[in-house]
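Input: a single structure, listed below in structure tokens.
The values are calculated or read from the model by the stated rules, or taken from the named source; none is laboratory data. From a predicted model like this one, the values you see are computed outputs, not experimental measurements. Cβ atoms come from the backbone with ideal geometry, glycine included; neighbour counts cover every protein chain shown. Accessible surface is based on the protein model in full, side chains and every heavy atom, while ligands, DNA and RNA are left aside. Shrake-Rupley method; radii C 1.70, N 1.55, O 1.52, S 1.80 Å.
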Amino acid sequence: MLTAASVLAESAGRRPDHPALVSGPERFTYAELWQATRRYATVLREHGVRPGDRIALLLPNTPHFPMAYYGVLALGAVAVPVHGLLRAEEIVHVLRDSGAKALVCAGPMFPQGAKAAELAGVALLTVMAPADADGTAGVGAPPRLDVLAARAEPLDRLVPRAPDDLALVLYTSGTTGRPKGAMITQLNLVMNISTTMRSPFDLGPDDVLLGCLPLFHTFGQTCGMSACFLAGGTLVLMNRFDGPAALDLMVTEGCTVFMGVPTMFLALLDAAADDVRRPALDRAFSGGSALPVKVLEDFQEVYGCPIYEGYGLTETSPVVAYNQKAWPRRPGTVGRPIWGVEAEIAAADVEDRVELLPAGEIGEIVVRGHNVMAGYLGRPEATAAVLVDGWFRSGDLGVKDADGYLTIVDRKKDMVLRGGYNVYPREVEDVLMHHPAVAQVAVIGLPDDRYGEEVCAVVRARPDAAPGADLAADIVSWSRERVAGHKYPRLVEFVEDFPLGPSGKVLKRELVARFAGRR
């Protein structure tokens with residue numbers, strides 16, 4: 001049997017009375033968390049969830065997330081975490097594309113989740129919502145999973161799964177279409193959790209990890225939550241990251257490990273200027289986007305602990321490479337591949353095969369090993385484009401030195417990376433083209449000190465529109481209502497014509513070069 005639910009089950013059996021989870025005033029031992037998880041599993045089974053079913057989870061960083069997540073896995077079903085900032089129309093795509101049988105939705109996200117579930121025609125269960133005694137929120141309301149679970153009998157045993165059975169469908173996308181579901185197998189997930197728990201994260205039973213990364217994202221979900229639980233450590237949840245609050249929580253709870261994206265490190269540096277207290281951090285880990293070396297150096301000086309920077313993708317479960325204790329850290333690099341994984345550099349301009357390049361040459365990062373996904377759900381052509389000759393083509397450009405250290409140079413794709421979240425220009429452009437004043441638009445990323453990149457819409461206005469500050473503000477406001485919070489453009493620039501290449505494609509790098517200097 002190989003099921004990722006064993007990550008929590010094993011630690012519950014090994015150290016039942018050790019604190020597993022802290023969330024505000026709530027505290028759960030491993031025994032309590034595992035029992036609650038099995039109760040969730042029982043209710044899900046009573047509502048028709050069977051092995052192989054895909055169950056979408058629209059949940060914030062509260063104890064309900066691990067309870068529902070591992071409850072789904074315990075039944076042999078497939079978890080489909082949904083980005084918490086998505087709008088109803090975007091959630092509908094995930095539900096339909098994944099073939100989800102049900103959506104588990106938290107009360108704060110209920111308006112978008114309920115609308116999406118209705119449009120997609122899937123069953124809806126809620127948590128953190130007002131409930132009647134029978135476990136519903138009133139006549140015709142969806143069942144309350146948490147209320148029903150409180151009086152359910154715990155699931156008696158885990159449903160066994162094969163290594164190549166699916167555990168997760170994680171949604172990502174490229175610049176040429178809508179989000180795609182990366183199929184993560186039980187083997188992918190268990191190996192990435194167990195490997196990274198040992199190195200680079202070196203997590204142990206006495207560690208206390210601040211869980212400020214969103215659990216719907218693979219970094220917080222796999223590297224944070226699951227690796228911590230496998231180690232038998234304590235996860236301290238934050239529902240919404242805030243620098244001063246994070247510093248206070250780390251001091252109060254005695255956190256020894258911090259994981260975050262670069263914007264979080266910047267916020268913690270700002271918080272330290274007004275708070276002389278320091279947590280007893282032993283180490284910190286950065287991912288999601290490139291961490292400026294200056295920020296790394298400043299954080300290490302202020303907080304007195306080393307930062308290890310790494311690299312991963314949704315399609316690689318997620319970790320590919322990290323700076324690790326076994327080798328000297330090299331700031332500015334993402335370290336060496338983790339155990340059982342190869343990361344090499346291939347010729348970026350050769351699409352139908354993988355031609356590996358020698359050390360020191362820039363090319364596309366390619367990956368193979370236990371971490372590479374089974375493919376994109378229902379997308380054989382997209383899968384064939386990235387799984388070539390046994391390697392996963394990342395779309396990222398990098399260089400590898402003679403000692404095996406990997407450095408990310410650029411992105412082959414047009415993806416914008418804002419605060420550790422992927423923003424896919426084509427998706428945003430498709431929305432913006434519906435604005436009545438927009439004749440043509442290109443979405444680009446401009447350098448930003450806080451977020452790494454900021455989303456910018458370069459617009460050619462319709463003849464009857466007046467380009468300027470008022471229209472720019474209207475476009476920002478209009479798009480904010482239609483796409484997720486991390487996607488909408490905060491910046492708008494106007495052009496009369498776009499620079500075009502020989503094939504008529506907009507030359508986005510020229511736009512970046514033109515407007516980056518104005519920031």
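Among the residues of region 287-311, count how many are closer than 21 Å to residue 371 by Cα and either modelled with pLDDT of 95 or more or assigned to a helix (DSSP H, G or I) (or both).
The qualifying residues number 4.
Return the pairs, sorted by first residue and then second, in which the second residue is open to solvent by 20 Å² or more (accessible area, probe 1.4 Å) and assigned to a helix (DSSP H, G or I), the first residue lies in region 453-477 and is without any contact (Cβ under 8 Å) to a residue 24 or more places away in the chain, the beta carbons are less than 8 Å apart, and the residues are 6+ apart or on different chains.
Listed pairs, sorted by first residue: none to list.
Working only within region 190-237, note down all residues that are assigned to a helix (DSSP H, G or I) and under 24 Å from residue 85 (Cα atoms).
218, 219, 220, 221, 222, 223, 224, 225, 226
Of the residues in region 345-386, how many are part of a strand (DSSP E or B) and either hydroxyl-bearing (Ser, Thr, Tyr) or open to solvent by 50 Å² or more (accessible area, probe 1.4 Å) (or both)?
3
I'd like to verify a number: residues in region 478-512 that are exposed (fewer than 14 other Cβ atoms within 10 Å of the Cβ) and at pLDDT 90 or above, how many?
Qualifying residue count for the region: 3.
Consider residue 230 against the criteria (1) open to solvent by less than 10 Å² (accessible area, probe 1.4 Å); (2) at pLDDT 95 or above: it satisfies all of them except one. Which criterion is unmet?
Going through the list (1) open to solvent by less than 10 Å² (accessible area, probe 1.4 Å); (2) at pLDDT 95 or above, residue 230 breaks only (1).
For region 418-436: of the residues being under 25 Å from residue 290 (Cβ atoms) and of a type in the set (Asp, Glu), which is modelled with the lowest pLDDT?
Per the stated criteria, the residue is 427.
Of the conditions (1) open to solvent by less than 20 Å² (accessible area, probe 1.4 Å); (2) in contact (Cβ under 8 Å) with a residue 40 or more places away in the chain; (3) in contact with a Ser or Thr (Cβ under 8 Å, 6 or more places away or on another chain), residue 190 fails just one. Which one is it?
So residue 190 meets the others, but not (1).
Just a yes or no: is a residue in region 290-311 open to solvent by less than 50 Å² (accessible area, probe 1.4 Å), under 24 Å from the mean Cα position of the chain (by Cα) and free of Cβ contacts under 8 Å to residues at least 24 places away in the same chain?
Yes, the conditions are met somewhere in region 290-311.
Restricting to region 451-477, what's the tally of residues that are open to solvent by 70 Å² or more (accessible area, probe 1.4 Å) and assigned to a loop (DSSP other than H, G, I, E, B)?
Within region 451-477, residues that are open to solvent by 70 Å² or more (accessible area, probe 1.4 Å) and assigned to a loop (DSSP other than H, G, I, E, B) number 6.
Return the pairs, sorted by first residue and then second, in which the second residue is basic (Lys, Arg) and outside any strand (DSSP E or B), the first residue lies in region 424-447 and is in contact (Cβ under 8 Å) with a residue 40 or more places away in the chain, the beta carbons are less than 7 Å apart, and the residues are 6+ apart or on different chains.
Sorted first by the residue in region 424-447, then by its partner, the pairs are 427/178; 428/487; 431/482; 442/508; 444/508; 446/519; 447/519.
Within the set of pairs 6 or more residues apart or between chains, which connect a residue that is in contact (Cβ under 8 Å) with a residue 12 or more places away in the chain inside region 108-131 to a residue that is in a helix (DSSP H, G or I) and open to solvent by 50 Å² or more (accessible area, probe 1.4 Å) with Cβ atoms less than 6 Å apart?
From region 108-131, the pairs are 120/96.
Kindly provide the set of residues from region 82-122 that are within 18 Å of residue 67 (Cβ to Cβ) and either in contact with a helix residue (DSSP H, G or I) (Cβ under 6 Å, 6 or more places away or on another chain) or at pLDDT 95 or above (or both), ordered by number.
Residues satisfying the conditions are 82, 102, 103, 104, 105, 106, 113.
Is it fair to say residue 427 is touching a Lys or Arg at 6+ places or on another chain (Cβ under 8 Å), among the charged types (D, E, K, R) and not in a loop (DSSP other than H, G, I, E, B)? Reasoning before the result, please.
Numbers: touching a Lys or Arg at 6+ places or on another chain (Cβ under 8 Å): yes; among the charged types (D, E, K, R): yes; not in a loop (DSSP other than H, G, I, E, B): yes.
Judged against the criteria, residue 427 is a match.
Looking at (1) within 21 Å of residue 168 (Cα to Cα); (2) out of contact with any Pro (no Cβ under 8 Å at 6 or more places or on another chain); (3) in contact (Cβ under 8 Å) with a residue 40 or more places away in the chain, which is the only condition residue 38 fails?
(2)
Please work out if residue 326 is farther than 22 Å from residue 448 by Cα, open to solvent by 10 Å² or more (accessible area, probe 1.4 Å) and of a type in the set (A, V, I, L, M).
Here the answer is yes, as residue 326 does meet what is asked.
For (1) of a type outside the set (Asp, Glu); (2) at pLDDT 95 or above; (3) farther than 17 Å from residue 166 by Cα; (4) open to solvent by less than 40 Å² (accessible area, probe 1.4 Å), each residue gets a yes or a no:
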| site | (1), (2), (3), (4) |
| --- | --- |
| 32 | no, yes, yes, no |
| 58 | yes, yes, yes, yes |
| 73 | yes, yes, no, yes |
| 76 | yes, yes, no, yes |
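Which residue, of 274, 248, is surrounded by fewer than 16 Cβ atoms within 10 Å (Cβ to Cβ), in a helix (DSSP H, G or I) and without any contact (Cβ under 8 Å) to a residue 60 or more places away in the chain?
Exactly one of 274, 248 is surrounded by fewer than 16 Cβ atoms within 10 Å (Cβ to Cβ), in a helix (DSSP H, G or I) and without any contact (Cβ under 8 Å) to a residue 60 or more places away in the chain, namely 248.
Quick one: which of 168, 148 is surrounded by 21 or more Cβ atoms within 10 Å (Cβ to Cβ), in contact with a strand residue (DSSP E or B) (Cβ under 7 Å, 6 or more places away or on another chain), modelled with pLDDT of 95 or more and within 25 Å of residue 35 (Cβ to Cβ)?
168
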